[in-house]
Amino acid sequence: MKRQYGFYFDSDRCIKCKACEVACKQWKGIKAGTIKLRRVEEVTSGVFPEVKRRFISISCEHCAQAPCITACPTGAIIKRPDGIVIVERDKCTGCRACLEACPFGAPQFGEDGLMQKCDMCLDRVENGQTPMCAATCPTQALRWGTLDRVSVFATHNALNKFAKNQ
Amino acid sequence: MTQKDEGTTIADLNPNNKIIPTFCHGCGAAKPKCGILCHVVAGKFVRVEGNPEAFNNWGAGCTSLCAKGNTGPQFLYAPKRLQYPMKRAGDKGEGRFTRISWDEALETIAYKLKENKRKYGAESFGVLSPEIWPVLDTFGRRFLNVYGSPNYLHSALCATPRMAACKATIGFRSIAPDDWSKTKLIVNWGGNCENSGINLGQPNDILNALETGSKMIDIRPMLDPLGAKADVWLPVRPGTDGALALAILNIIINENLYDADFVEKWCYGFDKLAAYVQRNTPEWAENKTGIPADKIRLAARMMGTIKPSFIKIGNGVGDQTNDGTAVVSAICLISAITGNLDVPGGLLGGLPQVGAPLIKTNQIAKLNEKAPTDLVDKLVAPETPKWYQKMGFMPHGPTSAYYKALMSILSGKPYPLRVLNASCSNPLSATRNPRRVAEALKKLDFMFVADIYHASHVDYADIVLPACTSYEHSDQICIKNVKEGTWLGIYNKIIEPLGESRSDWQIYLDLAVKMGYGEDFWNGNMDACLREQLAPSGISLEELRNSPKGIFIKRTQPAPAPQYQRYTQLFKDLPHGKVQCYNEFLGGKDSCDGVSKLNYLPVYQGPPEGIAETPELLKEYPLVLSDVHAHRYSHHSFMQDVPYLREQQPYPWLKINPAAAKKYGIADGDWVRVESPHGWSKFKAEYFAGISPEVLMTKRGWWQGCDELGLPGYNEFDGGSEVNNLYNANEKLFDKFHSQMAKQTLVKISKIEEAQP
């Protein structure tokens, strides 16, 4: 099987700087105030002074079993052999079934009404570069690589947390 | 663990496009640290990314950039860019201008400057300093020296007050430990690195340390993103950090948590300090700071027992409280008596010990020898005491305090400034009391501005010069000395400057030539100046310009073993060669106003208006207001016009605890009238749980509109949205050593019913 690419995100390292969100927009030339192919969200809980804040950077997560693909009535969404999920916009009818199916709210609909989403910066990946959002992350909260490579980050992170709690 | 990109190259994506390396100024003119790669397609700047050759953030191979850095093209093509020289056509403040030629503009300025010197003396000319801006710190000072004026108007709210208070107490200022991974306790006290320099390394370093087990205490009024990762958050009332620091000293001393050996050998006056802080109990501090006494005890015990620790002293406590010198002194003393000075993982004395630079360059000389010898005596409003300035301790030469100097225009005391260079700094938002500042600007004989944007203060200028952005010039070099070696890069003009705009460097040279100072200013030739800077490196300007990856000299010899505990050297300027627990360096000497004397001990003053400080006022104004100094979606008061950034914060925001908001009938998103004893401004409520119900926080500087998003700018006066309109600007209350001004006050709030733009 061809190697699969994926994102890795560590909420403990995210400081809601939104560099990823802005980097995505400028690289893709998306107009401000319109769609977001990547977004940073916050979950706040508790009451002052016992307050917790968590930050999450979300885009299309290029699921192994992508529900959007199953949901799309026209077969416009496909998973490439390298794992990247892309939309063939000429086949999209703008029915938004993919948005209903996606647990991350990743499919976006701009002025033309057709679906757009993160393509993992195919232009960069095919040029041997990291997608813009992960390349720009100032705290290494968001990373990208082949799945076996990002799983090393996850293991490393889990070991650190285990050691810290000892 | 650092991500390493396999196969990442600076390869061009399209052979018809150009990728040009240069430097980002998203953190402002003072911090041109992040190398960038600019993609230019058909002569237009379209995309930007971090330059992996430029040792950004965590170093070799790093491609990161912050949100601001990612908006380069929008920054360059901003609709409100100044593109042509102009002269004022209407009244001051009205904003009507006529386009003129560069020659006419520069000749007018030169004529006025010469006339002013002849009529009123050179010292009646002042220049606003935005920050440690390389152009001003070199060419600007050189120009002042040759002209003969000392009046470099420094903001008194930047890093230098902190630096000075650290030096006066422990002999040095430490901005980072030698290695964060050795630090077992990180105390972030009013520091704001996840807002003020996200890509400059500290957030990443701190997160690495937390990942490997460091503890962290965060002391800020809001639960900011890094605070959310801390073990302990102390939500201090704005402006009361001095009380907290004294109580922590009280606990550490009374519970014998201090390093007795260090205190014995290296601290002067410890017993006097110990006796003094007996009054500063945790209960006393609870009343001032709003932090429960037991929580103060918990934090103090952590600081007394977890070693090594590094206390990062931020702008919020050192530079923006009117007792900043005492606050910083007290915090430095916590580090000192717990034995955390110049130890591995503690407060490193001096620069990171990575080895000597392998590329040598010349600093641009300031020509201090050309200046009159009585420069300090002629300062219109000394930022620090004259005796201190005469000792040569000011890092950038003699300075007057920005706000006080502007007020001389109105008071005429000791003499009025008459001509002002107000470039790269908007005084209506960069200091307090915009109403009085505007009156002062109107009263000036002559004001000129070189800026990128038509900022709100530009309306008061007589002559306006268009400056280009950092993307449009090739006039600056950047050198980085890191553990792997030394890297040298140079700015590259990625497109021709818009309109007739010129680089700030070239503008100074051109003006100097018109003044007849050509001989001292390379006869207007910037390349000649760059060659002089490069001379000791053996690298020619052509070679550097032809090296798109910059020039890197790899370190072949390992750096010498780091040195620690260099106390004789670090304390050499301090009385008795010791840490000043009882401060004889400052104590008993003249203050900056020349009237009162400075304190020997870090006496708590507190904010000019506060919950515990002014109980009478509290009855009418029940809430505390303050603001963040730097922000991740703007640069000070600039960049509100950048669409990608403005959409993140469309309106002047006011963080308010939901419980407090409901008490005043304010819903999330309502416009709120915020009124202090000094003025009123309007902000949009944003519910936020991570702030005390008695505190409100906002951000200054909303004068820029954003055309693309159809969002307006808001002015600096009553009814606008400038927080500086609300603070106490009584000069008598400013810090007596370094002129710091309070940015904390009491306010009352009410919902604005009418729709607002």
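Relative to the dominant Cα principal axis of chain A, helix A:147-165 is inclined by about 20°. Anisotropy class assigned to the range B:18-76 is oblate, per the alpha carbon gyration tensor with a/c at or over the 1.5 cut-off and a/b no larger than b/c. Taking the Kirkwood radius as Rh and the Cα radius of gyration as Rg, chain A has a ratio of Rg/Rh equal to 0.99. On the beta carbon distance between B:GLU104 and B:THR568, with R0 = 60 Å, the FRET formula returns roughly 0.50. A crude spin-label estimate for the pair A:ILE56 and B:ASP718, with each label 7 Å from Cα along the Cβ direction, gives 4.8 nm.
Please identify the longest segment of chain B free of exposed GluC sites (Glu not before Pro), where exposed means a DSSP state other than H, G, I, E or B and no more than 12 other Cβ atoms within 10 Å. Walk me through the numbers on the way to the answer.
On the way: sites that count: B:GLU6, B:GLU94, B:GLU620, B:GLU753, B:GLU754.
Counting only loop sites that pass the neighbour cut-off, the longest clear stretch is B:95-619.
For peptide B:207-218, what's the mean number of Cβ atoms from other chains within 10 Å of each residue's Cβ?
Working: counts 9, 4, 0, 4, 10, 3, 5, 1, 1, 0, 0, 0.
For peptide B:207-218, the averaged partner shielding equals 3.
Inter-label distance, B:LYS92 to B:ASP231: 5.6 nm, where each label sits 7 Å from its Cα along the C-beta direction. Our Cα-only numbers for the protein assembly as shown put the radius of gyration and Dmax at 27.5, 84 Å. Summary of the geometry: the range B:120-181 and the range B:698-714, compared by the centres of their Cα atoms, lie 30 Å apart.
Relative to the current alpha-carbon distance between A:ALA64 and A:ASN127, full extension at 0.36 nm per residue lengthens the span by 20.3 nm. Annotation: lysines with alpha-carbon distance below 22 angstrom to B:LYS748 (same-chain offsets under eight excluded): B:LYS288, B:LYS619, B:LYS655, B:LYS662, B:LYS663, B:LYS682, B:LYS684, B:LYS699. Extension gain for the segment B:SER181 to B:LYS493, taken as residue separation times 0.36 nm less the Cα-Cα distance, is 108.4 nm to one decimal. By its C-alpha gyration tensor, with a ≥ b ≥ c as the square roots of the eigenvalues, how is the range B:600-674 shaped: rounded for a/c under 1.5, else prolate for a/b larger than b/c, else oblate? Judged from the Cα gyration tensor, the range B:600-674 comes out oblate (a/c at least 1.5, b/c at or above a/b). As a calculated quantity, the FRET efficiency between B:SER547 and B:ASN256 at R0 = 60 Å, using C-beta atoms, amounts to about 0.55. Taking the C-alpha atoms only, the angle from helix A:19-28 to the longest principal axis of chain A is near 20 degrees.
Here's the picture: a label point sits 7 Å out from the Cα of B:GLN557 along the beta-carbon direction, and within the range B:348-368 the residues with their amide nitrogen under 16 Å of it are B:353-360. For A:LYS164, a cut-off of 20 angstrom between C-alpha atoms picks up these lysines, skipping any fewer than 8 places away in its own chain: A:LYS52, B:LYS182, B:LYS184, B:LYS215, B:LYS229, B:LYS307. Each Lys and Arg Cβ is given +1 and each Asp and Glu Cβ -1; about its Cα centre, the protein assembly as shown then shows a dipole of about 560 debye.
Give me a single rounded figure for A:122-130: the average over its residues of other chain Cβ atoms within 10 Å of their Cβ. Walk me through the numbers before you get to the answer.
Values: counts 0, 2, 3, 0, 1, 6, 6, 11, 7.
The per-residue average across the peptide is 4.
Its relative contact order, with pairs defined as Cα atoms under 8 Å and 6+ residues apart, puts chain B at 18 percent.
On the principal axes of its alpha-carbon atoms, chain B has extents of 69, 66, 54 Å, going from largest to smallest.
Efficiency by 1/(1 + (r/R0)^6): what FRET value for B:MET391 and A:SER11, r their Cβ-Cβ distance, R0 = 41 Å, to the nearest 0.05?
On the way: r = 50 Å, r/R0 = 1.21.
So, using R0 = 41 Å, E works out to roughly 0.25.
Taken together, the values in this text are just the output of simple stated rules run on the coordinates, not laboratory data. Note that the structure is a prediction, hence the values are computed from the model and not measured. Glycine gets a Cβ as well: all are built from the backbone with ideal geometry, and neighbour counts include every protein chain shown.
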